[in-house]
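A short worksheet on the structure shown next.
The values are calculated or read from the model by the stated rules, or taken from the named source; none is laboratory data. If you're wondering where the values come from, they're calculated on a predicted model, not measured in any experiment. Every residue, glycine among them, receives a Cβ derived from its backbone with ideal geometry; neighbour counts consider all protein chains shown.
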Amino acid sequence: MILIVDSGATKSDWIALDDKSGKELFITQTLGLSPEVLTREVIEDRLANNFELAQNREKVSRLHFYGAGCGTDRMKRFLKDIFTVYFPKAVIEVKEDTYAAVYATTKIDHQGIVCILGTGSNCSYYDGRQTFQKVTSLGYILMDDGSGNFFGRKLIRDYYFNKMPQSLAIKFAKEYNLEADAIKENLYKQPNPNTYLATFARFIIENKDHPYCKGVIDKGLQQYVNNYIMQFELATKVPVHFVGSIAYYLKDELTAVMDRNDLRLGVIRQRPIEGLVEFHRETI
């Protein structure tokens, strides 16, 4: 059995394939497994609490894991150690989520810039064989421009600094618990603070036609373009692909920003898992 995993900060999509025919055996989900923000115990619990994984853990011969927070060798080793124990018969491969985005959007031997705009954000250049990054991520507190947690942080700050229009602020307060104690509890004492911040991005998507939200979205996406995409000299000469919920649900706004910057928009996928499955079926 082959397990293919696309793991973001919020959730992880798992698809099991027969290792001979490539036939799909099951699809399941766990919460996100980002090693940057979770302890070993939390990750092990999330694996153990999934029925399909628990039932099939000793049948897995290969595990291809693509995850947020797996950009360094230390984080890769950390996850690989956990998976080696949980899937004792499997050959384990751990790569950062950038590769999932690349394999899901770009054909081998084709150049392109591949962007992640979901709970977090990232950007890489793919030369047809390898990926290259100009920006080293320092995590959601300092980076992640244009992401779900970026917009969530912006909304909360504007609400507390009284920069959000009153009518929208009233609506915002009705939909979320904005008590200071609740926010600080989730940010500083609970796991996945980046995912918590990203839950607020739903509000900006649902209200994206409001002038305030339009402005926040446009500035956030332009900031992402400036700080990430424009780092590459070939930015205006190759297609720029996107994966992630922010890119998917704000595709019209993203298209406008791309056009304004003379960038060529390529593929937009909400989730890369479908493309990953096709990629790995070719290697069976």
When every residue in segment 32-72 that is β-branched (Val, Ile, Thr) and either under 20 Å from Val91 (Cα atoms) or surrounded by 13 or more Cβ atoms within 10 Å (Cβ to Cβ) (or both) is compared, the one nearest to the chain's Cα centre (by Cα) is Val37
Specify the residue that is farthest from the chain's Cα centre (by Cα); the eligible residues are those in segment 73-112 that are among the hydroxyl-bearing types (Ser, Thr, Tyr) and within 30 Å of Tyr228 (Cα to Cα).
-> Thr106
Could you count how many residues in segment 98-129 are of a type in the set (Gly, Ala, Ser) and part of a loop (DSSP other than H, G, I, E, B)?
-> 3
On the given criteria, is Leu254 under 30 Å from Leu178 (Cα atoms), in contact (Cβ under 8 Å) with a residue 24 or more places away in the chain and either out of contact with any Pro (no Cβ under 8 Å at 6 or more places or on another chain) or of a type outside the set (A, V, I, L, M, F, W, C) (or both)?
-> yes
Among the candidates Leu250, Leu276, single out the residue that is among the hydrophobic types (A, V, I, L, M, F, W, C), under 24 Å from Leu33 (Cβ atoms), under 16 Å from the mean Cα position of the chain (by Cα) and surrounded by 18 or more Cβ atoms within 10 Å (Cβ to Cβ).
-> Leu276
Can we say Lys95 is among the basic types (Lys, Arg) and either in a strand (DSSP E or B) or buried (at least 23 other Cβ atoms within 10 Å of the Cβ) (or both)?
-> yes
Yes/no for Lys59 being of a type outside the set (Gly, Ala, Ser), more than 28 Å from Ser121 (Cα to Cα), assigned to a loop (DSSP other than H, G, I, E, B) and out of contact with any strand residue (DSSP E or B) (no Cβ under 9 Å at 6 or more places or on another chain) | no
Taking segment 1-26 and keeping residues of a type in the set (Val, Ile, Thr) and modelled with pLDDT of 95 or more leaves Ile2, Ile4, Val5, Ile15
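Per-residue answers, yes or no, for (1) among the charged types (D, E, K, R); (2) in contact with a strand residue (DSSP E or B) (Cβ under 7 Å, 6 or more places away or on another chain):
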site	(1), (2)
Ser34	no, yes
Leu38	no, no
Phe51	no, no
Phe83	no, yes
Pro88	no, no
Lys95	yes, yes
Ala100	no, yes
Cys123	no, yes
